[in-house]
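Each value in this text was obtained by applying a stated rule to the coordinates, not by laboratory testing. Remember, predicted model here, so these are calculated numbers, not experimental data. Here the Cβ positions follow ideal geometry from the backbone for every residue, glycine too, while neighbour counts run over all protein chains shown.
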Amino acid sequence: MRPLVATVDLAALRHNYQLARQCGPGRQAFAVVKANAYGHGVARVVETLKPLADGFAVASLEEALQVRDVAPHARLLLLEGCFEPDEYALAAQHGLDVAVQGDEQAHWLLAAKLDRPLNVWLKLDSGMHRLGMDASSVRRWHARLAEAEQVAELNLMSHFACADERGHWLNDRQLECFASLVDLPFTHRSLANSAATLTLPAAHQDWLRPGIMLYGASPFAELSAETLGLRPVMTLTSRIIAVRELAPGETVGYGATWRSERKARIGTVACGYADGYPRTAPVGTEVVVRGRRVPLAGRVSMDMLAVDLTDLPEAGMGDEVELWGAQVTIDELAQACGTIGYELLTKVTARVPRHYRS
Ligand SMILES: *Cc1c(COP(=O)(O)O)cnc(C)c1O
């Protein structure tokens, strides 16, 4: 079998969810499990969090049905609401909570024939300017939806654009906008993603919506997951499947972009960009072999990458390689590649087996 494996630490996942809840004592928290639980495998993640989570949140009805298979009774929120009018009946059948993010969705909802009323989360555009209604529209729809037979609870939600940048001016603007609707009688309110859960108590409201922090990555560029008390959940490991000695001046990999300046020892690792390891990883990006960091040599290819083992003579064939995990954090690798942990985690491809450890 190919030695590349993504090991998912379920105890760390539980720890991180509990940490989110401790950030907002007395609040409830939707565990955000969209995009296959940020690449970790939605079924096992939901099964693991089900006994402790107040609810789950996903991006579509299709994702919600995957969660429903594992958690038939859990509270389950569609963060972007329904994409087509037909979906409201299904959402009601499956007992989902739905965001209503614009006039079209509100009209579809009012025209829907439902088995039972839905919990609705009116989405306020408090400054992200992607989804949601402005404050006066929310007021108008509140009046209409509060009376509608399709609506059970009427709730309010919004989403931050810059909560990962502490002190950003837009955070205060968005908080003020949200607070401007304090007089409306919503059942529940929700505003905080991971970054706001961790650092913006004013945003906590009734329901937190932590995503990335559950998986042990930091939403902040300048605050490490470890500093925040988070434990890494996914460890991506493989093995060295070939070793060769190069004379000074020889090159490695596609494009011959890496050239040895000395007698070098190169190890080939079974992991490439078709697994989700970023092709943009610059030369010098580190992986861990036998507890020591060694740099990439040359370009990442589809199924393999090469590392320079010259300074680690004891390393050899079959040695385990940590691509990311507790030693090389996902955030460190993401920063080196000019991206964020979210992208690397969600791009681990289907051919990488997930192994679960409790
Ligand atoms: C994805 C998402 C979240 C979770 O965000 P994180 O930064 O991963 O914590 C919360 N709310 C909404 C609306 C989302 O789309």
For a Förster distance of 30 Å, can you work out the FRET efficiency between the beta-carbons of Ala221 and Gln22, rounded to the nearest 0.05? 0.80
Karplus-derived 3J(HN,Hα) from phi for segment 163-168 (6.51 cos²θ - 1.76 cosθ + 1.60, θ = phi - 60°), whole Hz, x at Gly and Pro, runs 5, 7, 10, 5, x, 4
Please order Tyr88, Tyr356 by the number of other Cβ within 10 Å, starting at the fewest. Tyr356, Tyr88
With each pseudo-label sitting 7 Å past Cα toward Cβ, what's the Ala59-Asp311 distance in nm, one decimal? 3.9
Taking R0 as 25 Å, what FRET efficiency do you get between Arg293 and Met1 from their Cβ-Cβ distance, rounded to the nearest 0.05? 0.40
Here the FRET efficiency for Met302 versus Ala43, based on Cβ atoms and R0 = 25 Å and rounded to 0.05, is 0.35
How far, in nm, would the chain grow between Thr346 and Ala143 when pulled straight, counting 0.36 nm per residue and subtracting the alpha carbon separation? 69.2 nm
Calculate the radius of gyration of the Cα atoms of segment 10-215 to one decimal place, then report Dmax, the largest Cα-Cα distance, as a whole number, both in Å. 16.1, 46
Whose amide H sits under 5 Å from the amide H of Arg265, counting only residues 5 or more places off or on another chain, with H placed in the peptide plane? Leu246, Leu309, Thr310
What share of all Cα pairs of segment 234-357, in percent, falls into each consecutive 5 Å distance bin? 2, 11, 23, 25, 20, 11, 5, 1, 0
With +1 on each Lys and Arg Cβ and -1 on each Asp and Glu Cβ, how big is the dipole of the chain about its Cα centre, in debye rounded to the nearest 20? 760
Enumerate the lysines that Lys50 could reach by cross-link, defined here as Cα to Cα under 28 Å, with residues fewer than 8 away along the same chain left out. Lys34, Lys123, Lys347
Using the Karplus curve 6.51 cos²θ - 1.76 cosθ + 1.60 with θ = phi - 60°, what ³J(HN,Hα) values do you get for each residue of segment 95-108, in whole Hz, with x for Gly and Pro? x, 8, 8, 10, 6, 10, 9, x, 4, 4, 4, 5, 5, 4
Rounded to one decimal in nm, the spacing of the 7 Å Cα→Cβ label points at Thr339 and Val182 is 4.2
Take every DSSP beta bridge with both residues inside the chain and express the antiparallel ones as a percent of the total, to the nearest 5. 50
Using only the alpha carbons of the chain, what is the convex hull's orientation-averaged projected area in square nanometres? 19.1
Collect residues whose amide H, placed 1.01 Å from N in the peptide plane, falls under 5 Å from the amide H of Thr285; neighbours closer than 5 in sequence don't count. Leu296
Show me, for segment 255-261, the HN-Hα J-couplings you get by feeding each phi into the Karplus relation (A = 6.51, B = -1.76, C = 1.60, θ = phi - 60°), rounded to Hz, glycine and proline as x. x, 6, 7, 10, 10, 6, 9
What is the fewest-to-most order of Lys263, Lys347, Lys123 by other Cβ atoms lying within 10 Å of their Cβ? Lys263, Lys347, Lys123
